[in-house]
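Colleague: First the structure, which I've put down as structure tokens, then a few questions once you've had a look.
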Amino acid sequence: MTDTLIPEIDEARAEAERLRPSLRTRLFIDGDFRDAASGRRFTSENPATGQPITEVAEGGPADVDAAVAAARRAADDGRWSRLGPGDRKKLLIGWADRIEAHARELGLIETLDAGKPIADTVALDMPETAACIRWHAEAADKIYGQVAPSPEGTIATITREPIGVVGAVIPWNYPAQMAAWKLGPALATGNTVVIKPASTTSLSLLRIAELASEAGLPDGVLNVVTGPGDTVGEAIGRHPDIDCVAFTGSTEVGRRFLHYSADTNLKRVLLELGGKSPQVIFPDVTDFAAVAAQVAIAIFWNMGENCSAGSRLVVHRSVKDRLLEAVAAELESWPVGDPLDPATRVGALISKGHMERVLGYVAVGLAEGARIVTGGSRVLEETGGWFVPPTIFDGVRNDMRIAQEEIFGPVLSVIEFETEAEAVAIANDTSYGLAATVYTHDLDVAHRVARNLRAGVIGVNTYSEGDMTMPFGGYKQSGFGGHDKSLHAHDQYTEMKSTWIQLAES
Ligand code: NAP
Ligand code: MG
């Protein structure tokens, strides 16, 4: 059964209260929940109220050691890696089915913990989390090795093997989905995993891990250690018995993982980092309402807390005013409000500190001489929650800080251009290179610009990163070492083995 029915607000509030005592809040290691070795706990807050939801176990290096030991035992004795790929597939699909069947419960947990609109968490995040695990699971028994063209009397094979124990450290913006982007391919290829959610959003992953156990994943295959980045995250990054670490988060922290690896065991490092992605609008667009709808999704979906957010609107001077009018009209259907309300499209920012950071950028933009078209200050303060409405700055130059630095909130910077060359130059004038979109009906312009944009994920006449079949990863300082999603994600969690066999002469 799939429970992706979005509850009405009163129902959601009542269900959220009923859920509270059953929330999983302890470390999940070797198939069981346990307290942190230190016994410490930290408070998880509801971004929509500023109130505590529950206390979560605060793991530390000793807990990472225990989780890695469990993952190592499970990796070495072959309980997972040597299971037939078809059997692994079956167990992972069973897990995906359970996630989907619990989409409403998990979506509610995610909404409470992360401030994300319930219409998204129940109907998108959780079904897509399940779909991601299912997609990678289905590939498990469909990937072949190679036989190299070796001389007569020899056989040469190129095969892929699990890398061993994978560590994963993930952010708070799509807590379940970002976990699935790592867990799907890492587990499907036969690795065992130790994963750390962001401490602001630990709850959905703990429940998802429990569902993995219920679905029959052997103990030790998936371990969750909750706690802060500078202790648990660093312990994962430096652990000598972790073979590969997959990280999604800021460029600043991602850089540290390269140091952790270089200073310890040279574990493989896969980084998915930040962005300052351009949306380039050419003057031949005709359906302004449709483009405005895409522009709004690109920057305001998930409160702009999206690594591939289209945070720079690079628009031709001749159509800027019409487009901004259309965006203003579009924003009438983007209510800011209680994330438990199914009508809400803009929920709360993740934390007070993050809200202050976003509002700090608004102040920076004003000081730099940009003009606010809409939004720009905190709203719904009486709720105790951390709400910032869609905010648009016009009159932005690309060298301003609000055009160069990732704000990770609902703030759009509008920058004008005259020529195609200028548009491409502005779009590429950033240290990031995650995503970029281009809007035009001219086939030549579309292809030329798509080719000239230095970014890993390009949308033409749509804001979309595609589905599970497409790799997701960034150029420049937006990524390092690999990609999430698609079969390319399988390669990065495996070692490549060359085996040369000399046959005796008959
Ligand atoms: P963040 O501060 O880099 O945190 C990401 C994760 O790293 C969290 O689990 C965090 O733990 C942990 N961490 C923090 N300090 C650490 C340290 N010293 N050593 C090891 N781990 C550490 O990023 P965020 O604020 O959560 O997320 C926002 C960023 O993620 C944005 O830059 C965004 O663009 C990026 N992002 C990228 C993608 C992508 O696929 N490219 C997707 C989503 C988000 P705690 O939070 O528990 O301290
Ligand atoms: Mg929280």
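Colleague: List the pairs whose first member sits in region 164-183 and is assigned to a helix (DSSP H, G or I), whose second member is among the basic types (Lys, Arg) and away from ligand 2 (no atom under 16 Å from the Cβ), and whose Cβ atoms are under 7 Å apart, counting only residues at least 6 apart or on separate chains?
Modeller: Sorted first by the residue in region 164-183, then by its partner, the pairs are Trp181/Lys485.
Colleague: While we're here: Within the set of pairs 6+ apart or on separate chains, which have a first residue in region 188-213 that is under 16 Å from Asp97 (Cβ atoms), a second that is within 12 Å of ligand 2 (Cβ to nearest atom) and part of a helix (DSSP H, G or I), and C-beta atoms under 7 Å apart?
Modeller: Within 7 Å, the pairs are Arg207/Ile109.
Colleague: Can you tell me how many residues within region 297-312 are on the phi > 0 side of the Ramachandran plot and of a type in the set (S, T, N, Q)?
Modeller: Result for region 297-312: 1.
Colleague: Filter region 107-124 down to residues that are within 16 Å of ligand 1 (Cβ to nearest atom) and buried (at least 24 other Cβ atoms within 10 Å of the Cβ) and give me whichever is nearest to Ala348 (Cα to Cα).
Modeller: Checked region 107-124; the qualifying residue nearest to Ala348 (Cα to Cα) is Gly115.
Colleague: Related question: Taking region 359-378, which residues are assigned to a strand (DSSP E or B) and over 18 Å from Glu330 (Cβ atoms)?
Modeller: If the condition is that a residue be assigned to a strand (DSSP E or B) and over 18 Å from Glu330 (Cβ atoms), then Arg371 is the only one that fits.
Colleague: For Ile208, only one of the following conditions fails: (1) among the β-branched types (Val, Ile, Thr); (2) assigned to a helix (DSSP H, G or I); (3) more than 16 Å from ligand 2 (Cβ to nearest atom); (4) under 18 Å from the mean Cα position of the chain (by Cα). What is its number?
Modeller: For Ile208, the exception is condition (3).
Colleague: Which of the residues belonging to region 219-239 are of a type outside the set (Val, Ile, Thr), in a loop (DSSP other than H, G, I, E, B) and within 15 Å of Ala62 (Cβ to Cβ)?
Modeller: Gly227, Pro228, His239
Colleague: Looking only at residues in region 28-51 that are part of a strand (DSSP E or B) and either more than 11 Å from ligand 2 (Cβ to nearest atom) or in contact with a Cys (Cβ under 6 Å, 6 or more places away or on another chain) (or both), which one is nearest to Ile350 (Cα to Cα)?
Modeller: Checking each candidate, the answer is Arg41.
Residues checked against (1) hydroxyl-bearing (Ser, Thr, Tyr); (2) surrounded by 20 or more Cβ atoms within 10 Å (Cβ to Cβ); (3) within 22 Å of the chain's Cα centre (by Cα):
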residue: Ala293; (1), (2), (3): no, no, no
residue: Ile297; (1), (2), (3): no, no, yes
residue: Asn302; (1), (2), (3): no, yes, yes
residue: Asn306; (1), (2), (3): no, yes, yes
residue: Ala309; (1), (2), (3): no, yes, yes
residue: Val315; (1), (2), (3): no, yes, no
residue: Lys320; (1), (2), (3): no, no, no
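Colleague: If only one of Thr154, Thr200, Thr159 is surrounded by fewer than 23 Cβ atoms within 10 Å (Cβ to Cβ), within 16 Å of ligand 1 (Cβ to nearest atom) and at pLDDT 95 or above, which one is it?
Modeller: Of Thr154, Thr200, Thr159, the one residue that is surrounded by fewer than 23 Cβ atoms within 10 Å (Cβ to Cβ), within 16 Å of ligand 1 (Cβ to nearest atom) and at pLDDT 95 or above is Thr200.
Colleague: Continuing with this model, one more query. I'd like the full set of residues that are touching a residue at least 40 places away in the same chain (Cβ under 8 Å), over 16 Å from Glu214 (Cα atoms), among the charged types (D, E, K, R) and assigned to a helix (DSSP H, G or I), limited to region 76-104.
Modeller: Matches in region 76-104: Arg104 only.
The values are calculated or read from the model by the stated rules, or taken from the named source; none is laboratory data. Just so it is clear, the model here is predicted, and its values are computed rather than measured. With ideal geometry, Cβ positions are generated from the backbone for all residues, glycine too; neighbour counts draw on all protein chains shown.
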